[in-house]
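The values are calculated or read from the model by the stated rules, or taken from the named source; none is laboratory data. In this text, all values refer to a predicted model and were calculated from it rather than measured experimentally. Cβ coordinates were reconstructed from backbone atoms using ideal geometry, including for glycine residues, and neighbour counts include every protein chain displayed. Side chains are part of the model used for accessible areas, which takes the heavy atoms of the whole protein and leaves out ligands, DNA and RNA. Shrake-Rupley method; radii C 1.70, N 1.55, O 1.52, S 1.80 Å.
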Amino acid sequence: MDIFGVPIQALLGQVLIGLINGGFYAILSLGLALIFGLLNIINFAHGAVYTAGAFVAWLLLEHLGIGYWGALLFAPGIIALIGIFLEKTLVSQIYRQDHLYGLLLTYGMALIIEGGFRQGYGVSGIPYNLPETLSGGVNLGFMYLPIYRGWVVVVSFVVCFLVWYVIERTKLGSTLRAATENPALTKAFGINVPRLITLIYALGVGLAAFAGVLAAPIYQVNPLMGSNLIIVVFAVVVIGGMGSIMGAIVSGFALGVVEGLTKVFYPPASQLVIFIFMAAILLIRPAGLFGRKQ
């Protein structure tokens with residue numbers, strides 16, 4: 001059976017590939033949306049943090065013998081701790097400043113992180129082996145699906161849902177939002193607002209590092225892996241609505257699928273389709289699909 005002259009097997013295969021890419025877009029966009037939506041910081045270092053997550057996973061394996069499953073836990077935790085230090089010493093100084101200050105600061109941080117890894121490990125890429133429990137594949141009839149890539153789709157859905165639920169449906173999430181929207185009133189109730197703000201930043205960078213660990217076995221660990229992705233992730237966040245948690249998740253997965261299908265019907269446009277969508281959405285809804293007008 002064909003659709004517009006393309007076998008349905010090829011279409012379904014590209015949908016799955018799109019969901020894999022969409023999983024990375026969604027997790028990264030979610031972390032970016034958290035930091036911007038709750039802290040009002042345009043975090044240009046997000047791609048570098050994603051790269052750092054992959055490198056920490058490789059370093060844990062290479063020097064401490066901690067494999068993939070341990071890296072999924074420890075690498076985001078290590079990056080989150082570094083994020084706490086950076087938030088306390090640098091980022092917290094620009095919360096009330098113009099967005100340009102945050103953009104310049106985080107861009108400088110990105111250059112330092114990527115430059116450090118490039119200086120230490122070059123740009124050729126370092127392989128990171130798949131965990132044995134997730135190696136191999138499954139024959140779905142229309143395609144051979146590697147188990148690991150299916151795992152990436154599932155865990156991306158789960159992580160995104162859990163973060164959305166915590167932020168939007170729990171008392172902790174309400175307190176986090178209150179601490180950023182009206183810090184003076186929140187502090188009057190005896191809540192430690194600076195600690196909550198630091199927690200939000202740590203969660204955002206931890207999500208980026210988690211995505212980096214997921215990506216390490218698929219793509220070689222490379223100092224440039226984040227810089228190649230961050231512009232696309234920013235476009236996804238803009239389409240979903242700057243600061244919208246649900247917008248980041250839905251747009252991430254949806255645009256991954258759109259990008260995958262574009263590779264079937266018109267491959268030359270696959271690198272541009274997300275930006276074409278961004279331009280179209282901004283013409284119709286300047287605040288994004290899920291964004292709120294200021």
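Exactly one residue out of Tyr101, Tyr50 is open to solvent by less than 60 Å² (accessible area, probe 1.4 Å) and hydroxyl-bearing (Ser, Thr, Tyr): that is Tyr50. Taking the listed residues Leu207, Leu272, Leu282, Leu261, the one that is within 24 Å of Ser174 (Cα to Cα) and either surrounded by fewer than 20 Cβ atoms within 10 Å (Cβ to Cβ) or touching a residue at least 60 places away in the same chain (Cβ under 8 Å) (or both) is Leu207, with no other qualifying.
From the list Ile35, Ile41, the one residue that fits, being open to solvent by less than 30 Å² (accessible area, probe 1.4 Å), modelled with pLDDT under 95, assigned to a helix (DSSP H, G or I) and among the β-branched types (Val, Ile, Thr), is Ile35. Of the candidates Thr175, Thr186, Thr133, Thr180, the single residue that is touching a Leu at 6+ places or on another chain (Cβ under 9 Å), among the hydroxyl-bearing types (Ser, Thr, Tyr) and free of Cβ contacts under 8 Å to residues at least 12 places away in the same chain is Thr186. Pairing each residue of region 94-112 that is at negative phi with any residue that is at pLDDT below 95 and open to solvent by 80 Å² or more (accessible area, probe 1.4 Å), provided the two are 6+ apart or on different chains, yields C-beta distances under 8 Å for Ile94/Tyr101. If only residues of region 117-149 that are open to solvent by less than 60 Å² (accessible area, probe 1.4 Å) and out of contact with any helix residue (DSSP H, G or I) (no Cβ under 8 Å at 6 or more places or on another chain) are counted, the one that is farthest from Ala48 (Cα to Cα) is Pro146. Note on region 160-219: enclosed helices (runs of 4 or more DSSP H) holding 3 or more residues that are closer than 30 Å to Ile126 by Cα are 193-215.
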